[in-house]
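Read-outs: derived from the displayed coordinates by stated rules, not from any lab. This one's a predicted model, so the numbers in the text were calculated from it and none came from an experiment. Every residue, glycine among them, receives a Cβ derived from its backbone with ideal geometry; neighbour counts consider all protein chains shown.
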Amino acid sequence: MRKFCYAQNRSSEYDWLTFLWAINGKVASGTLSMPELFAVLGNVSGSFTWPNIRSRAASHLGANSPKFIHFANQATQNGTDF
């Protein structure tokens, strides 16, 4: 939706699926393993919003790590960083 329709502050299931594929399924530098992905997404404190997800990812993966940078970049590229 946001990636394709540019609706403000929204994303669709397709946007999230392409994001998840990019950070876990697609072979790339910085790809997260399933345990890492579950540790980030499964332990988000507060509401499930991008600032909370980003904070958890930075805390768990390290804010300057290649994995976190890949995670944040893919969120932007796939329209899930609202």
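I want to check the label-to-label distance for GLU13 and ILE69. Put each point 7 Å from Cα in the C-beta direction and report it in nm to one decimal.
Spacing of the two 7 Å Cα→Cβ label points: 3.5 nm.
List PHE82, PHE38 from most exposed to least, where exposure is judged by having the fewest other Cβ atoms within 10 Å.
Ascending number of Cβ neighbours within 10 Å: PHE38, PHE82.
Starting from the Cα of SER59, move 7 Å in the Cα-to-Cβ direction to define the label point; list residues of the range 19-51 whose amide nitrogen is under 18 Å from there.
36-51
Normalising by the residue count of the chain, find the relative contact order in percent from Cα pairs under 8 Å and 6+ residues apart.
Taking the mean separation of contacting Cα pairs over the length of the chain, I get 36 percent.
Could you sort the peptides 56-69, 22-35 by per-residue average Cβ neighbour count (10 Å cutoff), highest mean leading?
56-69, 22-35
For the range 15-27, just list the computed ³J(HN,Hα) in residue order, Karplus coefficients 6.51, -1.76 and 1.60, θ = phi - 60°, integers in Hz, with x standing in for Gly and Pro.
Rounded to whole hertz, the list is 4, 5, 5, 5, 4, 4, 5, 5, 8, 10, x, 7, 6.
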